[in-house]
Amino acid sequence: MGRIILTGDRPTGKLHLGHYVGSLRNRVLLQNEGNYERMFVFIADVQALTDNADNPEKVRQNIIEVALDYLSCGLDPEKVTIFIQSQIPELHEMTQFFSNLVTVQRLQRNPTVKTEMALRGFDGGASDDNRRGLPVGFFTYPISQAADICAFKSTTVPVGEDQEPMIEQCREIVRSFNGTYGPVLVEPEILLPSNLVCRRLPGTDGKAKMSKSLGNCIYLADERKEMEAKVKGMFTDPGHLHVEDPGKVEGNPVFTYLDAFAVDSDFEKYWPDYANLQEVKDHYTRGGLGDMKCKKFLINVLNDRLEPIRERRHAYEQDIPAVYEILRKGSEAAREVAAQTLHEMKDAMRINYFDDAALIASQAEKYRR
Ligand code: TRP
């Protein structure tokens, strides 16, 4: 059996460069390498609702944004099944069965859940005015995420490193299910980006993470002008006041982005004074290289990557009904697979009562007089 690749995103906003280098770019490569039996990419609207219950309209509006981002990056619905989580009701049944195999204490130890609870004021630790109760659905979303993965017997889950605890928790659930009921499910492996800087791209403000709530994102859907303005306003080395001053490359997001995006041929094309990024870094560190020159180069590099994405997006935007049709067909195809797995699970749990002729016969025997 070949690899089964699966991954997804919450539809809470448009996707940005952090998503792109952390996962999207990798997915398109995986798709085109073709070294898999099946590949699924899905929009995790049910998960998005676990902390947006009062705002379903936000989730609804962002389904199409994420779908457009997928297609414009080059995901091909002929090769990849693209679907919407809420359209696969089998996932909820699986989640329910898995819940019985997971303890509250184990969920409380999940580092991603801990961080995300604190971020949302769900941990009781926030100040009184933004303290909120913890929704049960949010607390248990790692279980539902395990169902997402298991329903398709995924072997390979390409995600960012913040998702590592989710995959680990899923593996435990698989071991527990298979140990209790029999070998039905498959333990997945995480697939991280090989380029370390891509695992967590900083924001344009230099903060650790690109994130919508911090307002430090460059979106895939940004027009060239918006992207340019954001790069020109980027945080650099605050100690690099004059061109001749030595500059710092570490913690300088302009260089982190170049690490994530620039390839040697970009220098030939846009900055022939240098052969590669190391030469630019050396010059910047010595002093004598201005921020704006580096930023102009970054703009060219980013635009080179983003222009084809933007063009494909514009084309798909002119045929939105076709995009929904892709999602509908993908959801239908995904549902077939999930239904098959659920059936196998219920067989293993011996709760497919009506398929169980031996059960019916033995009960009949027991009560016969
Ligand atoms: N938790 C993921 C995120 O926030 C989204 C997600 C939901 C997911 N279910 C998944 C990712 C299953 C991989 C596999 O980005």
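Here is the size of the chain from its Cα atoms: Rg then Dmax, 23.9, 101 Å.
When only Cα pairs below 8 angstrom with a gap of at least 6 residues are kept, the chain shows a relative contact order of 21 percent.
In this simple spin-label approximation, Gln108 and Gln278 carry label points 7 Å from Cα along the Cα→Cβ vector, and these lie 5.1 nm apart. Pairs exceeding a 18 Å alpha-carbon distance, out of Lys232/Lys293; Lys212/Lys295; Lys209/Lys293; Lys14/Lys232; Lys114/Lys153: Lys212/Lys295; Lys209/Lys293; Lys14/Lys232; Lys114/Lys153.
With respect to the chain, whose longest principal axis is taken over its alpha-carbon atoms, helix 141-150 is tilted by about 80°. The simple Förster model, with R0 at 35 Å and r as the Cβ-Cβ distance, assigns Arg368 and Arg328 a FRET efficiency of 0.10. With neighbour counts taken as other beta-carbon atoms within 10 Å, the residues Cys170, Cys73 rank, fewest first, as Cys73, Cys170. Relative to the longest principal axis of the Cα atoms of the chain, the long axis of helix 56-73 makes an angle of roughly 60 degrees. Mean separation of Cα pairs under 8 Å and 6 or more residues apart, divided by the residue count, gives the stretch 222-315 a relative contact order of 35 percent. Exposure proxy shown here: for Ser86, Ser213, Ser154, the number of other Cβ atoms within 10 Å sets the order, fewest to most, as Ser213, Ser86, Ser154. Here, the stretch 222-315 has an Rg and a Dmax of 13.6, 46 Å when only alpha carbons are counted.
Estimated purely from DSSP H runs of n ≥ 4, each contributing -39500 (n - 2.57), the mean residue ellipticity at 222 nm for the chain is -16000 deg cm²/dmol once divided by its residues.
Label zone of Glu33 (point 7 Å out along Cα→Cβ, amide N under 16 Å): in the stretch 190-229 this covers 190-196.
Proximity of backbone amide H atoms, modeled 1.01 Å from N, is registered between Val263 and no other residue at under 5 Å, excluding neighbours fewer than 5 places apart on the same chain.
Listed by Cβ neighbour count within 10 Å, with the fewest neighbours leading, Arg38, Arg120 appear as Arg120, Arg38.
FYI, it's all coordinate maths here, none of it is from the lab. This structure is a prediction, so every number in the text was calculated from the model and none was measured. Please note: Cβ atoms are built from the backbone with ideal geometry, for glycine as well, and neighbour counts cover all protein chains shown.
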